[in-house]
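Structure first, then comments.
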Amino acid sequence: MKRKRLQFRSIWISDVHLGTRACKAEYLLDFLRHTESRYLYLVGDMIDFWNLRNGWYWPASHSQVIQAVMDKASHGTTVTYVPGNHDEMFRDHIGRLFGGVRVEAEVIHKTADGRKLLVLHGDEFDGVVRHSKWLAVFGSWIYDWLLYSNRWFNLLRRRLGFPYWSLAAYLKHKVKNAVNFISQFEEALVREARKRRVHGVVCGHIHKATIEEHKGVLYCNDGDWVESCTALVEHNDGSLAIIHWADESVYLLEETENEYSPGQRRLAAAD
């Protein structure tokens with residue numbers, strides 16, 4: 001039986017990290033094929049050039065994700081690409097069109113109920129990325145190892161009939177320094193929204209999907225497609241929601257023992 005497509009006014013996705021073995025490209029393909037929207041925002045780190053510098057990894061499913069996005073652009077969806085730190089090379093092409101996809105440094109989205117939302121990746125408000133790129137690269141390397149460990153752990157959980165569980169997300173929520181970093185990041189984005197006199201902000205970067213209100217300013221993070229498989233969506237009435245596609249989808253990602261090797265996920269050091 002063919003599944004009915006979900007209709008939204010707008011969709012935001014980020015932190016897909018195409019070009020890495022951690023990318024849940026099959027889940028994202030399933031999401032793109034079963035959703036439609038007037039606006040689609042790609043909020044940075046779609047392609048992980050940090051990883052590709054150190055060795056080429058690009059399965060067919062990663063090309064299929066790009067093709068699915070371009071197909072949406074060719075069929076009337078307004079697609080905007082806001083690059084992040086892992087795909088920052090596209091920041092040299094601000095204002096250009098690639099296959100119907102427009103590249104912008106940031107954008108203001110107006111919801112159906114009249115709210116203005118600043119859309120940007122968010123790495124500009126991460127002090128580590130801005131001032132200590134080598135530390136950011138090292139942190140990404142550690143993060144890769146967590147994802148690698150989590151892959152095998154969840155393979156066992158699935159065989160025992162348990163649902164997906166993210167070790168990296170658990171540690172981010174429990175470790176004090178990580179919690180403080182996330183809180184400071186959110187506060188910085190909220191301050192920027194107030195400075196710009198908009199109603200809220202939509203970002204990615206820290207892989208933590210949420211919708212929160214900070215004293216009248218809306219903070220939205222659309223999450224990622226290496227752990228949580230999440231997207232931010234706007235309904236036709238302007239209301240916003242987080243979609244957890246790993247829970248919504250009937251597609252089950254098949255893990256294989258040779259699919260991921262931490263030695264092949266070394267990130268290139270900053271120039």
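Rule-based calculations on the coordinates, nothing more; no lab input. Computed from a predicted structure; not experimentally measured. When we count neighbours, we look across all protein chains shown, and the Cβ atoms used for this are built from the backbone with ideal geometry, even at glycine.
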For this session: Would you mind computing, in nm to one decimal, how far apart the modelled labels at Glu212 and Ala60 are, each placed 7 Å from Cα along Cα→Cβ?
Result: 4.3 nm
Problem set entry | Mean Cβ count within 10 Å, highest first, over the residues of peptides 35-43, 9-17 | 9-17, 35-43
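Between Asp247 and Leu97, what is 0.36 nm times their sequence separation minus the Cα-Cα distance? Round to one decimal in nm.
50.6 nm
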For this session: Calculate, in nm to one decimal, what Met70 and Ala112 gain on full extension: separation in residues at 0.36 nm each, minus their alpha carbon distance.
Result: 12.7 nm
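Would you mind getting me the FRET efficiency between Gln7 and Arg159? Use the beta-carbon distance for r and R0 = 41 Å, nearest 0.05. Can you show the working numbers first?
On the way: r = 36 Å, r/R0 = 0.88.
Plugging the Cβ-Cβ distance into 1/(1 + (r/R0)^6) gives 0.70.
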